[in-house]
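J.: Let me give you the structure first, and then I'll get to my questions.
The values are calculated or read from the model by the stated rules, or taken from the named source; none is laboratory data. Note that this is a predicted model, so its numbers are computed, not measured. Cβ placement follows ideal geometry from the backbone for every residue including glycine, while neighbour counts extend to all protein chains displayed. Note: areas computed on protein heavy atoms with side chains; ligands, DNA, RNA excluded. Shrake-Rupley method; radii C 1.70, N 1.55, O 1.52, S 1.80 Å.
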Amino acid sequence: QARLVESGGGLVQAGGSLRLSCEASGLTSSSYIMGWFRQAPGKEREYVAHITWTGGSTFYTDSVRGRFTISRDNARNALYLQMNGLKPEDTAVYYCAAGPRYSAYPTKEKGYNYWGQGTQVTVSS
């Protein structure tokens, strides 16, 4: 069955970096757009970034643009999120997701079919 598994979360100080990974199985990652979402304590899950099925285009929410970089390796069925200049407000559980090649809602939860269980990122001040 299709599944996504995140890894790479942890505890870092403000200004630090982390690299999240997401490994997909049971599906062909190259046939999907892939994205990252996060859910901070007491808040709703929010969109972070996504990448097209070819990896040719990337998109980010305003709060992370310039600090985070999303990438994918279709040969490895893997998705990555390089996070630099982390801030306390980045603290959240981060989820990777896969959606249809031409998802109508690439920045919304409903635009994705498959989800990982999340990895915790905590940024201390």
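J.: Given the condition in contact with a Cys (Cβ under 8 Å, 6 or more places away or on another chain), open to solvent by 30 Å² or more (accessible area, probe 1.4 Å), within 19 Å of residue 6 (Cα to Cα) and not acidic (Asp, Glu), answer yes or no: does some residue in segment 82-96 qualify?
T.: No - not one qualifying residue is present in segment 82-96.
J.: For segment 28-57, which residues satisfy the criterion of being of a type in the set (S, T, N, Q), within 14 Å of the chain's Cα centre (by Cα), surrounded by fewer than 21 Cβ atoms within 10 Å (Cβ to Cβ) and not in a strand (DSSP E or B)?
T.: Residue satisfying the conditions is 52 alone.
J.: Now, a different point. Please count how many residues of segment 15-27 are touching a Leu at 6+ places or on another chain (Cβ under 6 Å) and surrounded by fewer than 17 Cβ atoms within 10 Å (Cβ to Cβ).
T.: Of the residues in that region, 1 qualify.
J.: Give the number of residues within segment 58-73 that are at pLDDT 95 or above, farther than 18 Å from residue 39 by Cβ and open to solvent by less than 40 Å² (accessible area, probe 1.4 Å).
T.: 1
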